[in-house]
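These notes are about the structure you will find just below.
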Amino acid sequence: MDILFICKTLPHEKVIGGPVIIYNRVRILSQRHNVSLLSFVSQDETDLTGTVSRFCRDFQAVPMPTYGNPLRKAWDFFFSPTPIYFLNNYAQEMYARLRGMVSRNRYDVVISEYSMVAQYLYRNPDLEGIKRVMSVHECYYLARRKAWRVQGLSREGLSALVNLKGLKRYEFDMYADADRVLVLTPEGKEELLGIRADLDIAVVPHGVDVDHFCVSGECVKEQAVMFLGNYPHDPNRDAVLYFHARIWPRVKEEIPEAVFYVVGKDPTPDLLDLARSDPSVVVTGTVEDVRPYFERAKVFVNPVRIGGGFRGKLLEAMSMGLPIVTTSLGAEGVNAESGRDMIVADEPGEFAAAVARLLRDDAMCESLGDNARDMAVESFSWEKGVEELERVLLEIVDG
């Protein structure tokens, strides 16, 4: 097959979070198919383009668009047929580069990774005769609705409410225009079908490099918990603030020496403030390798309350053999049994009690960690996920 990926952010070998899915899809599919990539690229990522372009027949990088004029935003909010949320990643240059790529090369299928760039496939006459697949890592309408309900009258909650204007109709009309919609979890599929039953949806799960994320056997565990995320993505920022405010004080009452590692890219100012005001919180910022923190921590916490899709961080923790305490939202897509593979807890007191127990109970940590590692190896290697994607794409192209 000749496959073209369109991405809202560069998928490269050092990335964490959602783009790591795309990087591995490109890497593995390129072994058997002609793969090309069109992606927005930020200035600080330009040196990393070679880590993914080496797998591509054609690679095109488009500078990240800017959309900051308040008067323009106000006008578009009231009068643009495209919702304001999608206009944050709108660029005419992306359309022009896409037109050039499909005129130079023949493609069987084009895949938009993240709904934000699905707008470039939506009713695009340049793609006539090419199958169009929209990969939905997170349904924006459902995620913004959830954020409004959970965060309420906070700045983030009100921002989510504003972004809901026109979002549901546009986003689901866009999905209905595709030849196939991809989601990461069965729960995500049911949510979309609950709003629009005529969508053609396939579940293609997240994955993890089970050889890279493995237990070295040389680590010395601390009385520490950790969370991993890309913090400009608000569900990750919210998870840390929620955990620190509602759960962490209860853990500290029982385990006064406990430490909370907040690991990952671009911590927001409010997260940096936590580290300044609370010596038990360590905010690392971007790290070259997250594995030493997995090895140092005794428990992985995943207290997400908003957002959607599959949490790749959960698979990395599973593959590293860490015991996990997560919300039910954070565990979507894994089909884990609470108490055997990880602990699922949605109430703050229940969540805190589970974390404190694990910090004291090495045998329970070992049992949960071993079971989680086995599940990651058996069900979530990258090769298994990409094989399912390949099967879906061949079905679309041959059908």
Taking the range 124-158 and the residues there that are at pLDDT 90 or above and polar (S, T, N, Q), the one that is surrounded by the fewest Cβ atoms within 10 Å (Cβ to Cβ) would be N124
Go through the residues of the range 323-334 one by one and say whether even a single one is at negative phi, of a type in the set (G, A, S) and touching a Leu at 6+ places or on another chain (Cβ under 9 Å). yes
Screening E378, E388 for residues that are out of contact with any Pro (no Cβ under 8 Å at 6 or more places or on another chain) and either closer than 30 Å to V110 by Cβ or at pLDDT below 95 (or both) leaves only E378
Reported set for the range 181-210 where residues are of a type in the set (D, E) and over 22 Å from G264 (Cβ atoms) is E187, E190, E191, D198, D200
Counted residues in the range 268-286 being surrounded by 15 or more Cβ atoms within 10 Å (Cβ to Cβ), in contact with a helix residue (DSSP H, G or I) (Cβ under 7 Å, 6 or more places away or on another chain) and either within 15 Å of D238 (Cβ to Cβ) or of a type outside the set (S, T, N, Q) (or both) come to 6
K265 vs (1) in contact with a helix residue (DSSP H, G or I) (Cβ under 9 Å, 6 or more places away or on another chain); (2) buried (at least 16 other Cβ atoms within 10 Å of the Cβ): all pass except (1)
Contact list, first residue from the range 278-305 and within 18 Å of V251 (Cα to Cα), second anywhere and modelled with pLDDT under 90 and in a strand (DSSP E or B), beta-carbon distance below 7 Å, six or more apart or interchain, is none
Filtering the range 324-357 down to residues that are in a helix (DSSP H, G or I), touching a residue at least 40 places away in the same chain (Cβ under 8 Å) and not small (G, A, S) yields P348, F351, V355
The one condition Y141 fails out of (1) in a helix (DSSP H, G or I); (2) over 17 Å from the mean Cα position of the chain (by Cα); (3) farther than 18 Å from V26 by Cβ is (2)
Output for Cβ contacts, cut-off 8 Å, separation at least six or different chains, first residue at positive phi in the range 136-153, second assigned to a helix (DSSP H, G or I), reads none
Does the range 163-184 contain at least one residue that is under 27 Å from V299 (Cβ atoms) and polar (S, T, N, Q)?
-> no
For strands (runs of 3 or more DSSP E) lying entirely in the range 178-278, having 3 or more residues that are over 21 Å from M116 (Cα atoms) picks out 224-230, 259-265
By residue number, the members of the range 344-372 that are within 21 Å of the chain's Cα centre (by Cα) and of a type outside the set (G, A, S) are V344, D346
Scanning the range 65-104 residue by residue, those over 16 Å from A118 (Cβ atoms) and of a type in the set (S, T, N, Q) turn out to be T66, N69, S80, Q92, S103
Taking first residues from the range 87-106 that are closer than 18 Å to G129 by Cα and second residues anywhere that are among the hydroxyl-bearing types (S, T, Y) and surrounded by 14 or more Cβ atoms within 10 Å (Cβ to Cβ), the pairs with Cβ under 7 Å that are 6 or more apart or on different chains are Y95/Y120; L98/Y120; M101/S36; N105/S36
So the helices (runs of 4 or more DSSP H) completely within the range 1-92 holding 2 or more residues that are closer than 30 Å to V397 by Cβ are 19-29, 50-53
For G321, the lone unmet condition from (1) touching a residue at least 40 places away in the same chain (Cβ under 8 Å); (2) out of contact with any Phe, Trp or Tyr (no Cβ under 9 Å at 6 or more places or on another chain); (3) assigned to a loop (DSSP other than H, G, I, E, B); (4) within 15 Å of G369 (Cα to Cα) is (2)
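The values are calculated or read from the model by the stated rules, or taken from the named source; none is laboratory data. This is a predicted model, so every value here is computed, not measured. Note: ideal-geometry Cβ built from the backbone for every residue, glycine included; neighbour counts use all protein chains shown.
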